[in-house]
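Encoded as structure tokens, the structure appears first; notes follow it.
No value in this document is a laboratory result; all are computed from the given coordinates. Note that the coordinates shown come from a computational prediction; the quantities given were computed from them, not determined experimentally. Note that each Cβ is placed from the backbone with ideal geometry, even for glycine, and that neighbours are counted across all protein chains shown.
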Amino acid sequence: MSKFDYDIEDIESLSFKDGVRTRIPMYLGTDDTNGIYQALKEVINNSTDEALMGFGDTINIELDEETGEISVQDFGRGIPFGLREDGENVLVSIFSKPHTGGKFNHKTYTMASGLNGIGIKATCLSAQDFIAIVQRDNRHAIVKFHKGDLVEYHEEDAKRLQMNGTLIKFIPDKEVFKNMEESYTFDRVCQEVENIAFLNKGVHFNITCGNQKKHFYSKNGIADFIKSKVKKPLMKQPILASAKDGIDELEIAFMWSADPAQSYVFVNGLYCSEGGSPITGAKTSITQQVKKLSKKDFDPDLIRKGLVFAINCKVQEPSFANQTKSKINNPNLRTLASQAFREGLEKLALTSDFDIIVNILEKSQKAENAANKARQAILESDKEKTIIRSKKALVLDEVSDARILGLNSHLLICEGKSARGSAEKGRDKDYHGIFEARGKMINPLTAQEEKYFNNDEIKLLQVAIGVDYGKPLDLKKLRYGFVDFFVDPDVDGAHIFLLGLLNLWKICPEYVKQGRIGWYHAPLFIVENRGKNTYFYTDEDYNMNGRTLKGEVRRVKGIGLLEKHELQEAIFQSEKAHEVFKYTPEAMEVLEALMGADVQPKKDYVFSHIDFSEYGEM
């Protein structure tokens, strides 16, 4: 027989218990740590369902981090127990028999998180040990399971608990949760319960673990929840609104913020991580109402940027997409969510917060439009650079290439034809290329992005060096390993250098960080004696050493006034004439502050670095 054949002997029938224990992800989502927290929430959900019906306003949760045992106690009506007329042991069946419970009609629970009768059974049957103690008036029942098997059941006419209610203790079974990395921890239990407290305003949750204790209680429900999620609010308070259709109802809370957009859907106290039909209704209504009330045609994604909202649904017959209840499907919730957001946004439109939000949206839309234009400019720039690169050498009015290109070559950036002429006279044509800047370069900190990337000089500079904006530095593709600014020794020369440095910092920061930027200083003074020149590059150096020398003193006012031999001696062959920019984050931070559009950082820098008392009265 082929190994791929099988017959009736290969068909198995698993009991409900074995089906749960061997396929726990079908019932609790996963077989790891997240699965045991889903098991815990199934127990807590039953207690909060009692609270939703108005029975008991306190739920106590106690855990032992060493043993992994956790208990949940509520003070509701207590689960009914005893034998039905058909001989069914109700309490045993509730924890072990599928589709057994009190939530299949609306007499006992009008709203409940679980309606298929599976959740609490998955918790029981996947536990190593599971104990339930139920108190109803003066009578109690105890049921115990071990690895899904019933080991004890008894009931008595005596109080076991101080008040009516249900106490459930259990330890998740590591044989079932094969990928469980750790059992319950105090911190995560608190995190899970905090959300439940927000959705059940007026209910007290007490969590105990040894000496650690925490209490959760929400007075304002999901409004408090939204406040806890928003770190940078753009509104004074969340907006609340609600809608109902005679069967189901929902409540919403929302707030715009400078945080990332967030949305939360809860159904009868359960968090639906995948949202569902209410999200669809919410998004449609938010887009339509904001456009209508602002009379602006904002992009839908822009409108929802920074919007944090929660939808808390109370549904008689929830239709979930799966057993873990991560997505709600009820179509009427789409309509209710749309109605609630319409009402909420109309409320917002009556406040000053609405004008603030609209103003922010207008600015964001302008910024987004500018960004789109900049992206288009970059694409067009890349096309133009590709055309230029198709030539083997740059033979252009603005560029004179070195004969040898690569990491050892320097690109000299000059301002104007005079400086370029001087560079031509003094350079080493094998390793020195020339780039003629048209006056002072564009300032990348103040120019519009679209204008910047459309700038022909910036496009050509990238091609000449062998770098590309937004792409990592590739040393193999560099045409010039270094860029040196060949400028006059004055304020204008310094400004040209700083603008060039900023441009290279924007285009390719790594090029700057690797110390590939420098500048050549022309001398300030030349002392000539018997045909020999001595060069001084600072006033201080000349005052200390130059004044004692005999000979003719010449003050250099520009590179263009130097002879060929002086260019070679004073600039290209002198170590004093060349400096390399040493990158530090602090240096670039100061440079961006001083060269940016904002005036205040410049004022702050000047007044913190200059002692004006030295200058006396003006």
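Quick notes
- Charge sum, other residues only, whose C-beta stays under 9 Å from residue 70's C-beta, Lys/Arg counted +1 and Asp/Glu -1: -2
- Degrees between helix 277-294 axis and first principal axis of the chain (Cα, 0 to 90, nearest 10): 50
- A cut-off under 12 angstrom between Cβ atoms defines the neighbours of residue 320, and their net charge, with Lys, Arg +1 and Asp, Glu -1, is 0.
- For segment 16-216, share of DSSP beta bridges that run antiparallel, in % to the nearest 5: 85
- Label-to-label distance for residue 447 and residue 355 is 3.8 nm, based on points extended 7 Å past Cα in the beta-carbon direction.
- q = 0.10, 0.11 Å⁻¹, the chain: log10 I(q)/I(0) [Debye, one scatterer per Cα]: -0.93, -1.03
- Between residue 456 and residue 162, the simple spin-label model (points 7 angstrom out along Cα→Cβ) gives 8.7 nm.
- Anchor residue 425: aspartates and glutamates whose Cα lies under 13 Å away (excluding residues fewer than 8 positions away in-chain): 563, 566, 569
- Counting only DSSP beta bridges whose two residues both lie in the chain, roughly 70 percent are antiparallel.
- Under the Debye formula (equal points on every Cα, no solvent term), log10 I(q)/I(0) of segment 447-536 at q = 0.16, 0.17, 0.19 Å⁻¹: -0.72, -0.78, -0.91
- Cβ-derived FRET efficiency at R0 35 Å, residue 237 paired with residue 97, nearest 0.05: 0.15
- If you wrap the tightest convex hull around every Cα atom of segment 144-301 and split its volume per residue, you get 221 Å³.
- Residue 208/residue 346 FRET efficiency (R0 45 Å; Cβ-Cβ; nearest 0.05): 0.50
- The calculated 222 nm mean residue ellipticity attributable to helices in the chain amounts to -11000 deg cm²/dmol, summing -39500 (n - 2.57) over DSSP H runs of n ≥ 4 and dividing by all residues.
- Taking GluC sites (Glu not before Pro) across segment 57-89, the ones in a DSSP loop with at most 14 further Cβ atoms lying within 10 angstrom of their Cβ are 66, 85, 88.
- Volume per residue of the C-alpha convex hull in segment 222-358, rounded to whole Å³: 96
- Available extension along the chain between residue 510 and residue 201 is 105.8 nm, counting 0.36 nm per residue and deducting the alpha carbon span.
- Using a Förster distance of 35 Å, the FRET efficiency for residue 138-residue 247 (Cβ separation, nearest 0.05): 0.40
- Against the main long axis of the alpha-carbon atoms of the chain, helix 456-465 sits at an angle near 90°.
- Amide H within-cut-off set for residue 538, under 5 Å, with H built and near neighbours excluded: 524
- Taking the longest Cα principal axis of the chain as reference, the axis of helix 33-52 is set at about 60 degrees.
- Take the Cα of residue 57, step 7 Å toward its Cβ, do the same at residue 227, and the gap between the two points is 1.9 nm.
- Projected-area mean, segment 16-216, by convex hull of Cα positions, square nanometres: 10.9
- Of all DSSP beta bridges in segment 242-388, antiparallel share, percent nearest 5: 65
- Residues listed by number, segment 514-542, amide nitrogen under 19 Å from residue 564 label point at 7 Å toward C-beta: 532-533
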